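What follows is one structure encoded as structure tokens, with my remarks underneath.
The values are calculated or read from the model by the stated rules, or taken from the named source; none is laboratory data. Since this is a predicted model, take the numbers as computed values, not measurements. With ideal geometry, Cβ positions are generated from the backbone for all residues, glycine too; neighbour counts draw on all protein chains shown. Only protein heavy atoms, including side chains, enter the accessible area calculation; ligands, DNA and RNA are left aside. Shrake-Rupley method; radii C 1.70, N 1.55, O 1.52, S 1.80 Å.
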Amino acid sequence: MGGVMVCGTMAIAQGGGIDHRSRQTGDRNLTLQVNDPGPGRIVLAAAGCPASSCASQPGLCTLTQSLDLTSDAGNSVACANDDGTTAGGWARCFDMAAEGLQSGGFTVNSVTFGVQEATIDGIRIDVVLYADDDGCPPPGASGSPLDVVEIGRETVTVNIADVGTFITVPFPGGPVVANADALIVEVEQVDDGTAMPFFSFRPISNTGGQCAASYIRAADCGITGWIDLAVIGFADSHLILSIEGELGPPPCPATVCSDSGCKVTHSVDTTTIGGMVACASSVGTTDQGWARCYDFAAEGVPASPVGYVVEEVSFGVSEITVDGVVVDIVLYTDDNGCPAELDGPGINTTEIAREAVIVNIADDGTIITVRFTDPPAVPDDVHLIVEIEQIVNGSVEDPAGQFFFRPAGNDGGECADSFLRAERCGIPMWLSFGAIGFGDIHLLQSVRISSTPPFACFAVGELEIQKEADDDSDSDSDSDDDSDSDSNDETLKLEGSLDAGPDFNPELEDITYEFIDEADGDTHTFFIPAGSFQPRGQDTFRFESRSIKAKFELDECEFEFQVIDGRSFDDMDGPDITVRLITSASGFGEQTVTTKVSHDKLKFKAESKPECCPGQPHRADLDRGGSVNLIDLQLLISNWGVCPDCGNCPADIDGDCAAGIADLLILLANWD
């Protein structure tokens with residue numbers, strides 16, 4: 001024995017960087033190349049530890065503090081007497097943050113230890129995992145293991161035949177350790193009465209070196225918490241232990257939102273300009289695209305029932321050798337969701353926007369922001385792929401251009417994969433950088449989006465939905481009567497009040513009406529493109545087709561919408577119906593109403609008429625005197641007939657460019 005610590009009848013005793021790389025592809029002239037090695041890889045090990053099998057990219061890895069993982073020096077320390085060893089544990093502590101695990105967590109798949117001594121069969125050994133938010137070292141001899149949180153425990157039976165071998169203990173549940181915590185791994189001898197009362201067990205140790213301390217815990221020797229073996233005189237006993245696990249992606253940087261929108265990025269390091277993998281020959285890079293896939297709902301962007309608008313995309317430039325290179329920023333929606341692996345343009349995706357930018361030599365080493373001339377809208381349940389695309393138009397014989405362009409990357413971490421598409425290098429669809437051997441390079445990219453704002457006020461006054469169409473309805477009705485008629489050709493009628501802001505102009509915006517049955521999600525959508533509403537007077541806008549009538553009275557903050565084509569809404573069961581009015585530039589309004597349900601109809605009517613413009617005079621108050629009375633009737637009669645100027649005709653209450661019977665009926669209906 002090497003050293004002894006006596007404790008009553010028991011005693012502690014000791015027995016006998018990224019490189020330049022290329023990947024050959026289908027085209028003999030082109031390979032995947034990295035232009036700049038950038039900073040070195042992060043190794044999952046403490047200072048001085050052997051390089052782990054994990055680099056900075058997510059993936060499987062082995063974590064150890066033992067410099068020699070094979071030798072058995074016969075010098076393991078245990079709490080023992082002449083009858084054998086006693087219950088206790090041998091441990092190591094891994095400080096995740098200090099050892100480079102800047103990730104979304106480390107999943108423990110298995111733990112491996114060796115058996116130096118086992119004097120009988122059937123010895124119970126537990127491998128126990130603890131998380132400690134205080135970091136390393138673990139709670140000492142004056143403390144208690146209860147200061148930490150047990151996150152995993154697996155039991156293995158050790159027999160005499162196992163002496164001199166290494167045992168790998170799997171953890172099927174895959175406990176996850178946060179990168180801010182320390183992971184304590186203990187090989188614990190448990191005396192549960194299943195083995196003979198006297199036996200000895202020791203794990204394998206050696207003198208081959210270690211980059212962090214080995215610990216022991218042995219209550220029968222007065223050590224209730226873990227203590228460094230060097231502190232009690234056994235500095236040359238180095239516990240052999242390794243962990244096999246998986247490094248998860250780092251957490252995404254917090255999404256930053258303001259009144260002007262939200263910035264979303266997968267890049268942990270958003271400023272360092274480093275190298276980038278590209279499909280290239282000796283004379284230049286070729287047609288290809290570098291991409292990321294975004295799930296806004298999962299990345300902290302506030303929910304928007306009508307989706308998001310993509311305002312701008314930012315990316316870095318790590319290489320540009322000529323002026324005037326055209327680079328396209330292309331947006332795709334992806335039906336398969338993220339990640340975008342094995343999808344491509346037109347393959348489970350739809351292109352929704354493309355904006356070109358000119359890149360010059362002066363842009364090398366900078367970050368470029370590209371704003372979309374016509375910002376596209378993305379539904380909130382759709383994933384967005386953002387690609388930086390280089391198009392060279394080279395010949396088949398020389399598919400590369402006579403210049404080099406590469407966006408920027410770095411190895412500062414990413415919370416989701418970067419993707420490359422380069423058909424001339426045998427990659428016709430997006431593949432993650434990791435799948436092609438460049439997982440330690442992370443595309444530098446960010447996206448700024450805005451959600452469509454809600455109206456200042458939106459209220460439904462009346463909603464009526466005909467569930468069963470009237471076979472006698474006239475789908476070609478040319479009636480201009482937009483009064484509160486219960487005509488059989490109306491299968492849906494909506495009236496309400498709104499305040500969409502001072503810049504709202506129905507003539508210039510796309511308008512969408514949605515009716516959603518909350519019971520099962522059945523939805524009816526009606527889209528009216530910009531340019532369809534026609535002004536009738538200063539504040540009145542009307543649209544009419546063979547199947548739809550719609551109107552806005554902006555001075556009164558009122559709107560109307562009718563479906564007049566006799567269609568059936570028999571899939572609308574109610575009673576709760578969500579009404580949504582969406583504009584392309586001014587926001588949206590939404591309200592869920594509870595209808596009265598009959599066998600053929602859903603009907604809602606507010607208890608009082610909604611007013612989004614309280615205090616505003618009614619449009620029938622022609623003299624703006626605060627009430628509709630005899631003076632207004634006289635003004636209407638004196639201006640009876642076709643308006644000489646449709647844009648300035650106060651007596652035209654209904655906006656049809658004439659003062660007539662319909663206007664008189666509206667005036668009388670609002671008589672004070």
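Compute the relative contact order of the range 317-442 as a whole-number percentage, counting only Cα pairs closer than 8 Å that sit 6 or more residues apart in sequence.
33
Can you give me the orientation-averaged projected area of the convex hull built on the Cα atoms of the range 559-608, in nm²?
4.8
In Å and whole numbers, how far do the C-alpha atoms of the range 252-343 stretch along each principal axis, longest first?
Reported extents, whole Å, longest axis first: 49, 29, 23.
Hey, what's the range 310-362 come to in accessible area per residue, 1.4 Å probe, Å²?
40
Beta carbons within 10 angstrom, averaged per residue: use that to sort the peptides 229-242, 545-558, 404-417, highest first.
Highest-to-lowest ranking by the protection proxy: 404-417, 229-242, 545-558.
Return the lysines within reach of residue 467: Cα separation strictly under 26 angstrom, same-chain partners fewer than 8 residues apart disregarded; answer none if there are no such residues.
Straight-distance partners of residue 467: 493, 549, 551, 596, 601, 603, 605, 609.
Separation of the range 566-599 and the range 330-395 by C-alpha centroid, Å?
The two parts, judged by their Cα centres, are 35 Å apart.
Can you give the FRET efficiency to the nearest 0.05 for residue 377 and residue 121, using r as the Cβ-Cβ distance and R₀ = 51 Å?
0.15
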